[in-house]
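Student: Pasting in a structure now, in structure tokens, and then I'll have a few things to ask.
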Amino acid sequence: RTNNGQLFTIDINGQNEEEILESFKNINTPSFSNTHHEIVFTRFHPILIDISDIWKSAVDGKSPRVLTQGQGLKYQPSFSPRGDRIVFVRSDDKHRDVHHLWIMDADGKDQRRLTFDHSFDSSPSFSHDQDKIIFASNRQDDNYEIYILDLNSNDIKRITHHPKLDTHPHFSPDDHKIVFTSNRSG
């Protein structure tokens, strides 16, 4: 994704760079499906800056379709490892500084809210067994830490405890470790 919202694919050897979804602008946070030849991405409204939706298309940009609709921001979509579900962030209708995690089927059906705190939850990602979602949140002391949501019990467990920013977590392939971004070093 470029700074002006264009979306490109390129081979890992640096060859065959190609813009996809050329008629779309304001694209953000693209993510590949591990099992299907699809991408999911955020498309911001071309005029209204506080409206976006989650879209899905084939990797080549063909057959794009919107999965979410309505007011507010919907962004940071991420496929489950089997490609059958998508987790994403959605702004609260009443409070601009509150954003919750949501989940839906890969076709956009069965959308449901996962988190309910008065906080800013972001950067969700599935575990490889699809039983957990790891994410960043400012739910305690307005400091962004890493949390794990158990999808079977709905329990949320705080993982990091540091006064600096912790964000953008992902599970290791065996789900035993996480990697995340932090500004701990300044």
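Student: What are the semi-axes of the equivalent ellipsoid of the stretch 107-186, taken as the square roots of 5 times the eigenvalues of the Cα gyration tensor, listed largest first and rounded to whole Å?
Tutor: 21, 16, 11
Student: In addition: Could you work out the equivalent-ellipsoid semi-axes for the stretch 9-98, taking the square root of 5 times each eigenvalue of the Cα gyration tensor, largest first, in whole Å?
Tutor: Equivalent ellipsoid of the stretch 9-98: 25, 16, 11 Å, largest first.
Student: Please arrange 147, 75 by accessible surface area, largest first, computed with a 1.4 Å probe and ligands excluded.
Tutor: Sorted descending by solvent-accessible area, the residues read 75, 147.
Student: May I pose another question? Run through all the Cα pairs of the chain and give the fraction in each 5 Å bin from 0, expressed as whole percent.
Tutor: 1, 8, 16, 19, 20, 17, 11, 6, 1, 0
Student: With a sphere of radius 12 Å drawn around the Cβ of residue 26, what net charge do the other residues whose Cβ falls strictly inside it have (Lys, Arg +1; Asp, Glu -1)?
Tutor: That sum, taken over residues with Cβ under 12 Å, equals +2.
Student: Given contacts defined as C-alpha pairs under 8 Å and at least six residues apart, what's the relative contact order of the chain, whole-number percent?
Tutor: Computed value for the chain: 11 percent relative contact order.
Student: Using only the alpha carbons, work out the radius of gyration and Dmax of the stretch 57-112 in angstrom.
Tutor: 12.1, 37
Student: Oh, and also: Using only alpha carbon pairs under 8 Å that are at least six residues apart, calculate the relative contact order of the stretch 112-186 and give it in whole percent.
Tutor: Result for the stretch 112-186 is 25 percent.
Student: Farthest toward the dipole's positive end in the stretch 97-176, which of 103, 136, 154, given Cβ charges of +1 (Lys, Arg) and -1 (Asp, Glu) about the Cα centre?
Tutor: 136
Student: At a Cα cut-off below 23 Å, give the lysines reachable from residue 177, other chains included and same-chain residues fewer than 8 away excluded.
Tutor: 132, 157, 164
Student: Next question. Relative contact order for the stretch 41-136: what percent, with Cα pairs under 8 Å and sequence separation of 6 or more?
Tutor: 19 percent
The values are calculated or read from the model by the stated rules, or taken from the named source; none is laboratory data. Everything quoted here is computed from the prediction, not taken from an experiment. Positions of Cβ are backbone-derived with ideal geometry, glycine not excepted, and every protein chain shown enters the neighbour counts. Protein only, heavy atoms only, side chains kept; ligands, DNA and RNA dropped before computing areas. Shrake-Rupley method; radii C 1.70, N 1.55, O 1.52, S 1.80 Å.
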